[in-house]
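The values are calculated or read from the model by the stated rules, or taken from the named source; none is laboratory data. From a predicted model like this one, the values you see are computed outputs, not experimental measurements. Reconstructed Cβ throughout: ideal geometry from the backbone, glycine too, with neighbour counts over all protein chains shown.
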């Protein structure tokens, strides 16, 4: 996958102890895919995908943040064997900071305009340095 973000516009607001951030982006992505078709035969191809994403962050407390996102995309160029035409999805992620560690958990609903997909993710990272 090769991705290029062509516009990114962040915005931030603070109201009392509640901080809110928002960002928007447009991207072009080149995918090299290998997948199975309806006949359970592996097919490979190339696709150029254009997408727009909006992400909002609400810092609920000093160590707790909530990310809400929405995105839409459509194919610009694709090999004949690949199916996706367009997609719309939403996501929600909770981030908890504990000492030098960040723990996150989230879920997303994808392809809401067609055959919906779901995903769950959990992760952690350690912050290094000061």
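Residue-wise test of (1) within 17 Å of the chain's Cα centre (by Cα); (2) within 26 Å of residue 31 (Cα to Cα).
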position	(1), (2)
54	yes, yes
58	yes, no
64	no, no
96	no, no
111	yes, yes
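State whether the residues of region 76-85 include one that is at pLDDT 80 or above and either assigned to a strand (DSSP E or B) or crowded, with 16+ Cβ neighbours inside 10 Å (or both). Write out each step before concluding.
Of all residues in region 76-85, those at pLDDT 80 or above come to 76.
Then drop every residue that is not either assigned to a strand (DSSP E or B) or crowded, with 16+ Cβ neighbours inside 10 Å (or both), which leaves 76.
Yes, the conditions are met somewhere in region 76-85.
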